[in-house]
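K.L.:
Below is a structure I'd like to ask you about.
The values are calculated or read from the model by the stated rules, or taken from the named source; none is laboratory data. What you see is a predicted model, and the numbers here were worked out from it, not measured in a lab. We place every Cβ from the backbone using ideal geometry, glycine too, and count neighbours over all the protein chains shown. Please note that ligands, DNA and RNA were not included when accessible areas were found on the heavy atoms of the full protein model with its side chains. Shrake-Rupley method; radii C 1.70, N 1.55, O 1.52, S 1.80 Å.
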Amino acid sequence: MTAPSHDLDLDLARKVLDAQPFSRLVGARITAFGDGGATLEVDLREELQQQNGFAHGGVLSYAADNALTFAAGTALGAAVLTAGFSIQYVRPAKGSTLIARASVVHAGRRQAVVRCDLLTVDAEGVETLCAVAQGTVLSAGV
């Protein structure tokens, strides 16, 4: 993938994420951004769990959606919108932190196809894959 011509960096990505009230509510943070990828993390506190103590599927979907979009932004520029995505849950998400690692699979002038692996991290730092998402992100630029 060639380097994008956009002036985007991790600090700007963090400001964009912080401008999203829902992301602040969930407590999401961006820990990596650039070169066709983005990583979003969420601490899995009790309020984000479902009745069996696992992270709620909506939290995983939120993390996938935002990570997909931020990753696409590294290729398409800051003005992007998710056109759609699918998510496959492969095991219950249990741990202290949710990590959404997204990377651009293909980018054209106006859209990007992006993949996201969602993992949980336990108290010992072991990562476990819990879901996989893929989506299409469109440039919203004029």
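K.L.:
Could you check the range 41-68 and list, in sequence order, the residues that are more than 13 Å from the chain's Cα centre (by Cα) and part of a strand (DSSP E or B)?
P.N.:
D43, Q49, A55
K.L.:
Also: Somewhere in the range 109-126, is a residue assigned to a helix (DSSP H, G or I) and out of contact with any strand residue (DSSP E or B) (no Cβ under 9 Å at 6 or more places or on another chain)? Explain how you work it out, then say what you get.
P.N.:
Let us first name the residues in the range 109-126 that are assigned to a helix (DSSP H, G or I), namely none.
No, there is no match, as no residue in the range 109-126 is assigned to a helix (DSSP H, G or I) and out of contact with any strand residue (DSSP E or B) (no Cβ under 9 Å at 6 or more places or on another chain).
K.L.:
Show the residue pairs meeting these rules: Cβ distance below 7 Å; 6+ apart or different chains; first residue within the range 116-132 and farther than 14 Å from S96 by Cα; second residue exposed (fewer than 15 other Cβ atoms within 10 Å of the Cβ) and not polar (S, T, N, Q).
P.N.:
Pairs that qualify, where the first residue is farther than 14 Å from S96 by Cα and the partner is exposed (fewer than 15 other Cβ atoms within 10 Å of the Cβ) and not polar (S, T, N, Q), are D117/L129; A131/V90; V132/V90.
K.L.:
Quickly run through the range 5-31 and pick out the residues that are buried (at least 18 other Cβ atoms within 10 Å of the Cβ) and either in a strand (DSSP E or B) or free of Cβ contacts under 8 Å to residues at least 60 places away in the same chain (or both).
P.N.:
The answer is L17, S23, V26, A28, I30.
K.L.:
Further question: So, in the range 114-129, exactly how many residues are of a type in the set (A, V, I, L, M), closer than 21 Å to P92 by Cα and open to solvent by less than 40 Å² (accessible area, probe 1.4 Å)? Walk me through how you get there before you give the answer.
P.N.:
Of the range 114-129, the ones of a type in the set (A, V, I, L, M) are 114, 118-119, 121, 123, 126, 129.
With the extra rule that they be closer than 21 Å to P92 by Cα, the set shrinks to 118-119, 121, 123, 126, 129.
Subsequent filtering for residues that are open to solvent by less than 40 Å² (accessible area, probe 1.4 Å) retains 118-119, 121.
Residues in the range 114-129 being of a type in the set (A, V, I, L, M), closer than 21 Å to P92 by Cα and open to solvent by less than 40 Å² (accessible area, probe 1.4 Å): 3 in total.
K.L.:
Would you check if T74 is touching a Gly at 6+ places or on another chain (Cβ under 6 Å), at pLDDT 95 or above and over 21 Å from D18 (Cα atoms)? Steps first, answer last, please.
P.N.:
Details: touching a Gly at 6+ places or on another chain (Cβ under 6 Å): yes; at pLDDT 95 or above: yes; over 21 Å from D18 (Cα atoms): no.
When the stated conditions are applied, T74 does not pass them.
K.L.:
Scan V132, V90, V105 and give me the residue that is within 13 Å of A67 (Cα to Cα) and either open to solvent by 70 Å² or more (accessible area, probe 1.4 Å) or not small (G, A, S) (or both). It would help to see each step written out before you state the result.
P.N.:
On the way: V90 fails: within 13 Å of A67 (Cα to Cα); V105 fails: within 13 Å of A67 (Cα to Cα).
Unique residue meeting the criteria: V132.
K.L.:
Scan the range 54-65 for residues that are touching a residue at least 24 places away in the same chain (Cβ under 8 Å) and open to solvent by 20 Å² or more (accessible area, probe 1.4 Å) and report the count. Explain how you work it out, then say what you get.
P.N.:
Here is the first cut: in the range 54-65, the ones touching a residue at least 24 places away in the same chain (Cβ under 8 Å) are 54-55, 57, 59-65.
Narrowing further to those that are open to solvent by 20 Å² or more (accessible area, probe 1.4 Å): 54, 57, 61-62, 65.
Final tally of qualifying residues: 5.
K.L.:
Among (1) under 16 Å from the mean Cα position of the chain (by Cα); (2) more than 19 Å from D43 (Cα to Cα); (3) at pLDDT 95 or above; (4) open to solvent by 50 Å² or more (accessible area, probe 1.4 Å), where does Q111 come up short?
P.N.:
Only one criterion is unmet by Q111, namely (1).
K.L.:
Looking at (1) part of a strand (DSSP E or B); (2) over 21 Å from L138 (Cα atoms); (3) aliphatic (A, V, I, L, M), which one does A93 not meet, given that it meets all the others?
P.N.:
With (1) part of a strand (DSSP E or B); (2) over 21 Å from L138 (Cα atoms); (3) aliphatic (A, V, I, L, M) applied to A93, the lone miss is (1).
K.L.:
Something else about it: Please pick out the residue among A71, A83, A38 that is in a helix (DSSP H, G or I) and under 15 Å from V113 (Cβ atoms).
P.N.:
A71
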